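Colleague: Structure provided below as structure tokens; questions to follow.
The values are calculated or read from the model by the stated rules, or taken from the named source; none is laboratory data. Everything quoted here is computed from the prediction, not taken from an experiment. Cβ: placed from backbone, ideal geometry, glycine included. Neighbour counts: every protein chain shown.
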Amino acid sequence: MAMDAERQMAQLTLSDGRSLQLPELSGTIGPDVVDVRSLYGSAGVFTYDPGYTSTGSCESKITFIDGEAGILLHRGYRIEDLAQHCDFLEVAYLLLRGELPDPASNEDFAYTISRHTMLHEQLTYLFRGFRRDAHAMAILCGVVGALSAFYHDSTDITDPHQRMVASHRLIAKIPTIATMAYKYSIGQPFIYPRNDLDYAENFLHMMFAVPAEEYVISDVLARAMHRILILHADHEQNASTSTVRLAGSSGANPFACVAAGIASLWGPAHGGANEAVISMLQEIGDVSRVKSFIDRARDPADPFRLMGFGHRVYKNYDPRARVMQSTAHEVLGALGKENEPMFRLARELERIALEDDYFVEKKLYPNVDFYSGITLQAIGFPPSLFTVLFAVARTVGWVAQWNEMIEDPAQRIGRPRQLYTGVPERPFVPIEDRG
Ligand code: SDX
């Protein structure tokens with residue numbers, strides 16, 4: 001429970017002279033919050049915070065971000081340590097259960113997840129209803145939402161066992177669905193998951209294997225995949241996680257909630273940025289054109305944003321971007337692509353942007369999306385799959401946050417209010433009297 005800091009109270013005096021006391025609550029680390037739950041009932045006014053720049057929507061124990069210091073913790077562990085020392089399912093276990101698994105629990109969890117990786121065979125027919133050129137995110141959104149039509153035995157959110165089974169199913173099946181969407185788009189047969197492979201190896205196998213020959217998994221690429229998935233697993237109350245929580249607060253089943261999260265993540269301002277970074281680098285084309293694009297990003301009249309830069313919370317370097325950059329180095333080096341022009345261009349763009357006074361003043365640094373696209377493209381993923389991969393990883397975070405919300409005794413249906421600036425009440429005018 002949030003600690004109520006020795007009953008410290010914030011004073012609020014309204015313009016009409018009324019004065020209110022609102023409790024200040026403290027977490028274990030990070031900013032205190034002013035608890036405004038009683039505000040409307042006692043003063044008849046709402047708070048107003050479009051975009052929620054100053055609003056805490058919930059209490060959580062899963063992820064902590066210090067945007068000024070560029071720190072990201074999952075259950076207290078630094079993302080840099082988790083990315084370096086763990087595999088993806090270890091971090092998934094940590095996010096879901098609150099502790100890193102011991103060897104036996106780690107093996108048991110990996111076994112459980114691997115036994116849920118296959119889909120009901122009837123679901124393969126769902127793919128055939130999509131155009132071959134459908135964006136993989138559209139297919140992912142549709143098929144994940146449809147899971148609730150196949151797994152009724154894990155949609156009762158009041159049953160902890162069913163919540164756990166649905167959580168395992170979502171974590172296990174999202175890579176299978178993602179790779180099926182890719183295979184469908186290129187006209188290749190679906191590749192079934194294999195229980196002898198770990199989560200990242202299986203993902204690469206289902207993505208790139210073909211029945212006609214053996215697919216040899218590169219240890220470097222598998223290691224890089226674990227790291228990329230870990231870096232994207234959870235990130236506090238971002239737009240897509242807040243979407244999952246809001247959908248779940250009505251009691252919607254977890255499959256429908258994750259489908260809503262996928263839809264939100266798809267936006268270019270959020271998870272779609274990695275794909276947008278590659279498009280931007282391709283449009284820039286050469287280092288000589290970087291300055292003109294920086295100038296466009298600085299121009300308030302130009303809607304152009306430098307993709308992969310800036311963040312609502314980080315006003316320092318996104319710690320994930322540093323790990324992503326070193327992972328890009330490793331992958332490109334292992335593939336003999338260290339002189340990849342796109343990577344050189346990205347490094348030069350980053351150098352110029354970080355020296356530019358607009359970016360310095362606005363505290364705009366590279367975020368996790370800036371280097372992920374270059375890395376994924378080097379591994380062989382087409383840009384249309386970048387956000388899909390982000391969704392595969394973030395499913396763990398969505399599921400962990402959804403469970404935390406359902407188990408929170410203070411949880412109620414999310415129902416924000418508004419500042420109404422429309423037309424006040426007026427008499428109805430029959431159609432014959434209009435015009
Ligand atoms: C993700 O929330 C999360 O945690 C998200 C995420 C996660 O893991 O879930 O971290 C994943 O979504 C990373 C962000 C990926 N998106 C992009 O890279 C797209 C490009 N970035 C921008 O669209 C923007 O930075 C946002 C959307 C990420 C944040 O937008 P905000 O909240 O408006 O940023 P801000 O308030 O800090 O902006 C401060 C100023 C603004 O100018 P003024 O209104 O003060 O004049 O900086 C400007 C912004 O217009 N600005 C940019 C910019 N980003 C912000 N100017 C040029 N280029 C940019 N990229």
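Colleague: Name the single residue that is farthest from PRO383 (Cα to Cα) among those in the range 248-275 being crowded, with 21+ Cβ neighbours inside 10 Å and near the ligand (Cβ under 9 Å from one of its atoms).
Modeller: The residue in question is LEU265.
Colleague: Answer yes if at least one residue in the range 303-314 is small (Gly, Ala, Ser) and either modelled with pLDDT of 95 or more or part of a helix (DSSP H, G or I) (or both), and no otherwise.
Modeller: Within the range 303-314, the first condition is being small (Gly, Ala, Ser), and the residues that meet it are 308, 310.
Right, trim to either modelled with pLDDT of 95 or more or part of a helix (DSSP H, G or I) (or both) and you get none.
No, the range 303-314 has no match at all.
Colleague: Let me ask something else. Can you spot a residue in the range 383-391 that is free of Cβ contacts under 8 Å to residues at least 60 places away in the same chain and either closer than 24 Å to ALA233 by Cα or assigned to a loop (DSSP other than H, G, I, E, B) (or both)? Break it down into steps so the answer makes sense when it comes.
Modeller: Filtering the range 383-391 down to residues free of Cβ contacts under 8 Å to residues at least 60 places away in the same chain leaves none.
No, because not a single residue in the range 383-391 is free of Cβ contacts under 8 Å to residues at least 60 places away in the same chain and either closer than 24 Å to ALA233 by Cα or assigned to a loop (DSSP other than H, G, I, E, B) (or both).
Colleague: Do the conditions hold for ALA212, that is, is it out of contact with any Ser or Thr (no Cβ under 7 Å at 6 or more places or on another chain) and buried (at least 24 other Cβ atoms within 10 Å of the Cβ)?
Modeller: Working: out of contact with any Ser or Thr (no Cβ under 7 Å at 6 or more places or on another chain): yes; buried (at least 24 other Cβ atoms within 10 Å of the Cβ): no.
Taking the combined requirement at face value, the residue does not satisfy it.
Colleague: I would also like to ask the following. Yes or no: the range 412-431 includes at least one residue that is assigned to a helix (DSSP H, G or I), more than 28 Å from CYS86 (Cα to Cα), modelled with pLDDT of 95 or more and out of contact with any Asp or Glu (no Cβ under 9 Å at 6 or more places or on another chain). Step through it out loud before you land on a result.
Modeller: Start the filter on the range 412-431 by keeping residues that are assigned to a helix (DSSP H, G or I), which leaves 431.
From what is left, the residues that are more than 28 Å from CYS86 (Cα to Cα) are 431.
Restricting the remaining residues to those that are modelled with pLDDT of 95 or more gives 431.
With the extra rule that they be out of contact with any Asp or Glu (no Cβ under 9 Å at 6 or more places or on another chain), the set shrinks to 431.
Yes, that holds for at least one residue.
Colleague: While we're on this one: How about the range 1-110: which strands (runs of 3 or more DSSP E) wholly inside it have at least 1 residues that are within 16 Å of the ligand (Cβ to nearest atom)?
Modeller: Details: elements: 3-13, 19-26, 63-66, 71-74.
Those strands (runs of 3 or more DSSP E) span 63-66, 71-74.
Colleague: Name the helices (runs of 4 or more DSSP H) wholly within the range 317-380 that hold at least 2 residues that are farther than 21 Å from ASP66 by Cβ and free of Cβ contacts under 8 Å to residues at least 60 places away in the same chain? Walk me through how you get there before you give the answer.
Modeller: Working: elements: 319-334, 341-355, 357-361, 368-379.
Those helices (runs of 4 or more DSSP H) span 319-334, 341-355.
Colleague: Can you say whether SER114 is of a type in the set (S, T, N, Q) and over 19 Å from the mean Cα position of the chain (by Cα), as far as the supplied structure shows? Even if it seems obvious, please write down each step before you answer.
Modeller: Values: of a type in the set (S, T, N, Q): yes; over 19 Å from the mean Cα position of the chain (by Cα): yes.
Against the criterion (of a type in the set (S, T, N, Q) and over 19 Å from the mean Cα position of the chain (by Cα)), SER114 qualifies.
Colleague: Moving on to the next point. What tally of residues in the range 33-67 results from selecting those that are in contact with a Ser or Thr (Cβ under 7 Å, 6 or more places away or on another chain) and touching a residue at least 12 places away in the same chain (Cβ under 8 Å)? Please lay out each step first, then the result.
Modeller: Keep residues of the range 33-67 that are in contact with a Ser or Thr (Cβ under 7 Å, 6 or more places away or on another chain), which gives 36, 39, 49, 57.
Keeping just the survivors that are touching a residue at least 12 places away in the same chain (Cβ under 8 Å) gives 36, 39, 57.
Of the residues in that region, 3 qualify.
Colleague: For the range 129-147, how many residues meet the condition of being surrounded by 19 or more Cβ atoms within 10 Å (Cβ to Cβ) and more than 23 Å from ILE186 (Cβ to Cβ)?
Modeller: Within the range 129-147, residues that are surrounded by 19 or more Cβ atoms within 10 Å (Cβ to Cβ) and more than 23 Å from ILE186 (Cβ to Cβ) number 1.
Colleague: Pull out all pairs, ordered by first then second residue, where Cβ-Cβ is under 7 Å, the residues are six or more apart or on different chains, the first lies in the range 266-289 and is more than 14 Å from GLY308 (Cα to Cα), and the second is among the acidic types (Asp, Glu) and more than 14 Å from the ligand (Cβ to nearest atom).
Modeller: If the second residue must be among the acidic types (Asp, Glu) and more than 14 Å from the ligand (Cβ to nearest atom), the pairs left are VAL287/GLU348.
Colleague: For the range 366-375, state whether one or more residues are at pLDDT 90 or above and more than 15 Å from the ligand (Cβ to nearest atom).
Modeller: Scanning the range 366-375 turns up at least one residue that is at pLDDT 90 or above and more than 15 Å from the ligand (Cβ to nearest atom).
Colleague: If you don't mind, another one. Filter the range 337-356 down to residues that are of a type in the set (D, E, K, R) and within 13 Å of the ligand (Cβ to nearest atom) and give me whichever is surrounded by the most Cβ atoms within 10 Å (Cβ to Cβ).
Modeller: Looking at residues that are of a type in the set (D, E, K, R) and within 13 Å of the ligand (Cβ to nearest atom), I get GLU350.
Colleague: Cβ-Cβ under 8 Å, sequence separation 6+ or interchain: first residue in the range 192-213 and closer than 20 Å to PHE88 by Cα, partner surrounded by 18 or more Cβ atoms within 10 Å (Cβ to Cβ) and among the acidic types (Asp, Glu). Which pairs?
Modeller: Filtered contacts from the range 192-213: ASP198/ASP87; TYR199/ASP87; ALA200/ASP87.
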